[in-house]
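Comments concern the structure below.
The values are calculated or read from the model by the stated rules, or taken from the named source; none is laboratory data. Here the structure is a predicted model, which means the values were calculated and not measured. For neighbour counting, all protein chains shown are included, and Cβ atoms are generated from backbone atoms with ideal geometry for every residue, glycine included. Only protein heavy atoms, including side chains, enter the accessible area calculation; ligands, DNA and RNA are left aside. Shrake-Rupley method; radii C 1.70, N 1.55, O 1.52, S 1.80 Å.
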Amino acid sequence: MNFLDLISVLAAGLSVQTLLQLLRNWQSFWNAHVTLRDQSIAQRLAIFVLLPLTVPLHELGHCLATWQVGGTVAAFQWRFFWGYMIPVGDFSPAEYWWIALSGNLVSILLGLLAIVLIPLVRQRIIEELLYSFACINLINSLVLYPLLSITTNGGDWKSIYDFKVPLYACLLLLVHIGLLWWLRWLYYSPSTVHWRLARNLSTLNNWEKLQAKAICANAQASANEHPQDLDAAIAKFNFLIRHGEDHAAQKIAKKLIATMPQNHRVQLLRVAIAYGKRPPQQVIKLGLPLLDVGLSPADQLSLYRYLCVCYMRLNQSATALDYVNRGLAIAPNDHLMHWHRASLYLAQGQRPAAEMEIQIALANSPDEECRQEIHQWVRQKMPKVTIL
C-alpha cells in the first residue's frame, strides 16, 4: 500500500464517520435553519463524500480525450480519494497535452457548475452543500493539485505546464490566472457576502439595518464632518469582523484610516485587523497605547476583548483575567467576556466556575448564532457538561 492508498483508507473512514454524523442529525440538517453544525456537516460531506465521487469523473475525462485522439485505455483505477488511467497510443505533444488537461477540465467544470446551481435551488442547506463543494473542489483543482503536481514532478499539471506545446500552455496559464482572479473577486463580492450573512435570518436583518443606517448617515454628511458617519462605519466594521467577513471589514477600515488616521476609534480598527492576522504580541503593542486615550465604554470593551484573548494565547492567564474583569466592570452581562472567563477558569482547572460562566454567556447571547458558537465550544472543550 502506497502513501496515496493510505490517505484513501483514512479518508474512507472519515467518509463513513461523516455519513453517520449526517444520519444522527438528519432532521435538523434538512430543516430551513442552517446552524454551525449544519455548515460543518456540509463541509465534511463536500470533502469526504462529494469530492471522492469526482475522481472517477476526472479519470473518465482523460479516457474520453484518449479515445477522441485515437488511443486506447490500458488501465482505469478509482481508489476513492485518487485514481489514474493509462493511455496507450502514438500521441503528438498536443494530443498528450489534451489528454492531461481533459480530466482536470472536468473537475473544474464540476466546481463551476456548483456555483451556477446555487441560486437555482430553493433549499438553503443544498445551497450550503453546493457552496462548500465549489470552494473545496476549485481550490483542489486550481491550486492544490497543480502545486502538488509541479513540485513533485508527477501528475497531470506537470505535463500541462511543461511547455512542450508552448502556445496552448501559455493560453491556459492566462485562463488559469484569470479564473483564479474571478473566483477571488466572486468570493469577496457584496452579493456573496450577503449570501453568507443570509445563513441566519436574524444576522441578515441586523446587517440590513446597519446598511440602512449607514445610507442615512452618508446622506447627512461626510465621515470627516459628521460623527454619526463614523459610528455607522465602525458598526458595520465590527459586525463584519464578528461574522468572519474580514475582507469586507478591511475595506471599510482602509477608507477610515486614509481619511482619519489620528482618530483613536479608527486606530482601534487597526487593532481589530491585526487581531485576526498578526501574532498576539503585535496586537498588544498596537492596543496598549489606546488604554488611556479616553475611548468610549463600548470601545474600551472591544479593546479589552482583544487584549484578553491575546494574553490568553500567550498563556498569561492572570493578565487576561484582569482585562476580562475590566470588561465586565463596563458591561456585566457581556456574553463574550463571560465566555472568555469560562475558558480561563477551565484552563486553571476551575470547572464548576467555568460551567457557571458558560451558562451566563448563553443567557446573555444576543442571537442564535452566538449561542450556536458557544454550544460548539462546549462540545469540544467540555463534552460532559449539560448546558441549558
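Taking the range 326-388 and the helices (runs of 4 or more DSSP H) fully enclosed by it, the elements with 3 or more residues that are open to solvent by 40 Å² or more (accessible area, probe 1.4 Å) and either aliphatic (A, V, I, L, M) or touching a residue at least 40 places away in the same chain (Cβ under 8 Å) (or both) are at 351-363, 368-381. One residue stands out in the range 217-246 among those that are part of a helix (DSSP H, G or I) and among the acidic types (D, E): the one that is modelled with the lowest pLDDT, namely D229.
Just so you know, in the range 22-41 the residues that are assigned to a loop (DSSP other than H, G, I, E, B) and of a type in the set (V, I, T) include one that is nearest to I374 (Cα to Cα), and it is T35.
For the range 16-25, does any single residue satisfy the condition of being over 29 Å from L204 (Cβ atoms) and open to solvent by less than 30 Å² (accessible area, probe 1.4 Å)?
There is no residue in the range 16-25 that is over 29 Å from L204 (Cβ atoms) and open to solvent by less than 30 Å² (accessible area, probe 1.4 Å).
Once the range 134-163 is narrowed to residues that are over 26 Å from V49 (Cα atoms) and in contact (Cβ under 8 Å) with a residue 60 or more places away in the chain, the residue that is nearest to the chain's Cα centre (by Cα) is I160. Listed by position, the helices (runs of 4 or more DSSP H) enclosed by the range 144-216 that each have at least 2 residues that are among the β-branched types (V, I, T) are 145-152, 166-188, 190-197.
Within the range 121-144, identify whether any single residue is over 22 Å from Y84 (Cβ atoms), open to solvent by 90 Å² or more (accessible area, probe 1.4 Å) and modelled with pLDDT under 95, and answer yes or no. Yes, some residue in the range 121-144 is over 22 Å from Y84 (Cβ atoms), open to solvent by 90 Å² or more (accessible area, probe 1.4 Å) and modelled with pLDDT under 95.
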